[in-house]
1. Among (1) more than 9 Å from every other protein chain (Cβ to nearest Cβ); (2) without any contact (Cβ under 8 Å) to a residue 60 or more places away in the chain; (3) not charged (D, E, K, R), where does B:SER200 come up short?
2. Can you confirm whether segment B:114-122 contains a residue that is modelled with pLDDT of 65 or more and surrounded by 13 or more Cβ atoms within 10 Å (Cβ to Cβ)?
3. Consider A:SER92 carefully, then state whether it is buried (at least 17 other Cβ atoms within 10 Å of the Cβ), at pLDDT 90 or above and more than 9 Å from every other protein chain (Cβ to nearest Cβ).
4. Is it fair to say B:GLU78 is at the interface with chain A (Cβ under 10 Å from one of its Cβ atoms), assigned to a helix (DSSP H, G or I), surrounded by 17 or more Cβ atoms within 10 Å (Cβ to Cβ) and among the charged types (D, E, K, R)?
5. For B:GLU186, work out the one condition from (1) modelled with pLDDT under 90; (2) over 16 Å from A:LEU93 (Cβ atoms) it doesn't fulfil.
6. Scan segment B:175-196 and report the pairs whose first residue is within 10 Å of chain A (Cβ to nearest Cβ) and without any contact (Cβ under 8 Å) to a residue 12 or more places away in the chain and whose second residue is small (Gly, Ala, Ser) and crowded, with 17+ Cβ neighbours inside 10 Å, with Cβ atoms within less than 8 Å and a gap of 6+ or a chain change.
7. When you scan segment A:62-77, do you find a residue that is modelled with pLDDT under 95, surrounded by 19 or more Cβ atoms within 10 Å (Cβ to Cβ) and in contact with a Gly (Cβ under 8 Å, 6 or more places away or on another chain), even just one?
8. Given the condition under 14 Å from A:VAL116 (Cα atoms) and surrounded by fewer than 17 Cβ atoms within 10 Å (Cβ to Cβ), answer yes or no: does some residue in segment B:55-72 qualify?
Amino acid sequence: MTHHFDEFGKRGRELGADAAQDLDQGAWQADCQADCQGAEPNSDCCSLIQRDQFELLSAYLDGEVTAAERRQVESWLATDPQTQRLYSRLQSLRQGLQTLPIAQPSQNIDQLVDRVTARVERQPRRLAWGGLAAAGLLIGVLFNAMPPEPYSPSVAQRSGSQRATTEEVPSDGLMIALNQPPIAIPRTTQKPGALR
Amino acid sequence: MSSESLPVSWSAVEAITPPLSVPVDRLSNYDLILQCQVGLRPGKTLFAELMRRYHAHVEKLLYHLAPDWSDRADLSQEVWIRVYRNIKRLQEPVKFRGWLSRIATNLFYDELRKRKRNSQPLSLDAPRMLEDGELDWEIAADAPGPAEELATQEFYEQLRQAIADLPEVFRTTIVLREIEGMAYEEIAEITGVSLGTVKSRIARARQRLQEQLQHYIEA
């Protein structure tokens with residue numbers, strides 16, 4: 001156990017020097033604060049807990065570590081008082097974050113309920129009006145699209161003026177012809193060979 | 001009012017859910033959510049009760065995600081509108097809280113993106129809005145007056161300020177972790193970064209906070 005920990009400690013220290021260089025001011029431990037200010041960044045005290053170790057400890061706090069990492073952190077916690085202190089600070093911090101009350105609520109709950117209710121109730125009504133408007137529009141369109149022939153003699157005269165084929169189709173049958181194209185009666189645009 | 005507590009609905013639904021025999025405020029959270037899923041839309045009384053129970057949670061989350069937004073009230077209203085419209089789609093009512101948090105967080109992010117697009121200076125109040133990776137590791141200046149006896153209120157005040165002072169990416173990550181209780185993977189997904197980045201951001205946010213608040217959290 002201790003042997004294993006010592007080994008890691010050495011490796012951790014080496015890692016720490018690298019990390020400290022990357023960050024140029026790597027003061028990881030608040031306990032080391034006084035010693036670290038103005039000191040070599042990779043002095044023993046400062047590199048004691050470096051970035052990787054802190055990250056590991058933080059992930060451990062969240063339960064986001066592998067089994068091996070967990071064992072590692074637990075061995076630090078068992079033997080290293082500084083890690084223990086840091087860990088307990090992190091736990092207090094977590095507790096503070098989780099119990100932190102809101103300074104002032106942005107709004108009263110009753111007001112919020114009223115506003116939300118008003119808005120969701122307005123919605124369907126708006127939809128209903130929209131639906132009514134759409135239906136009206138559709139009816140209008142349908143009326144306009146209706147063939148005016150049966151009602152207005154003037155159009156009947158026009159239709160008879162040019163095309164012989166349309167003249168042959170009775171006005172009642174025109175509606176049916178739109179839905180079910182009559183195969184038996186070839187349209188003028190079709191090639192004569194297409195039906196045979 | 002019974003017609004209020006059990007929303008008017010199609011008969012097909014009534015066959016599945018027994019009628020309410022308990023007053024709305026005595027329903028368990030789980031049953032309340034189930035009842036809110038009945039019918040085309042949640043019943044008014046039921047939904048109001050749901051809001052009463054979970055509003056503080058939404059407030060707290062938005063408060064910490066967007067400490068310097070003056071229009072958080074509109075945002076939380078928007079959250080509840082979305083909940084109202086979509087609660088039927090929630091598959092597992094036990095996960096309501098997490099689902100609610102995600103709605104709030106997503107709305108916050110939508111809004112954040114809009115604001116970033118519309119205005120180039122992020123905020124005059126937040127001079128420390130740095131890009132990711134620039135959160136300095138130097139020791140924070142001493143908190144004023146490290147008195148021996150400090151009221152909890154003062155600690156909370158300091159903590160609130162320290163959270164608000166964190167650069168945005170660090171703040172949102174630590175808030176989603178500590179106040180939301182989200183897993184790293186979930187945070188990675190919601191914030192669109194790698195798992196490693198989440199891990200590092202959380203550690204660095206904690207490092208900063210524990211330095212700034214060391215007088216209060218010292219064992």
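1. (1) is the only condition that B:SER200 fails.
2. yes
3. When the stated conditions are applied, A:SER92 does not pass them.
4. Against the criterion (at the interface with chain A (Cβ under 10 Å from one of its Cβ atoms), assigned to a helix (DSSP H, G or I), surrounded by 17 or more Cβ atoms within 10 Å (Cβ to Cβ) and among the charged types (D, E, K, R)), B:GLU78 qualifies.
5. Among (1) modelled with pLDDT under 90; (2) over 16 Å from A:LEU93 (Cβ atoms), the lone unmet condition for B:GLU186 is (1).
6. Listed by first residue and then by second, the contacts come to B:LEU195/B:ALA188.
7. no
8. There is no residue in segment B:55-72 that is under 14 Å from A:VAL116 (Cα atoms) and surrounded by fewer than 17 Cβ atoms within 10 Å (Cβ to Cβ).
The values are calculated or read from the model by the stated rules, or taken from the named source; none is laboratory data. This is a predicted model, so every value here is computed, not measured. Glycine also receives a Cβ, built like all others from the backbone with ideal geometry; neighbour counts cover every protein chain displayed.
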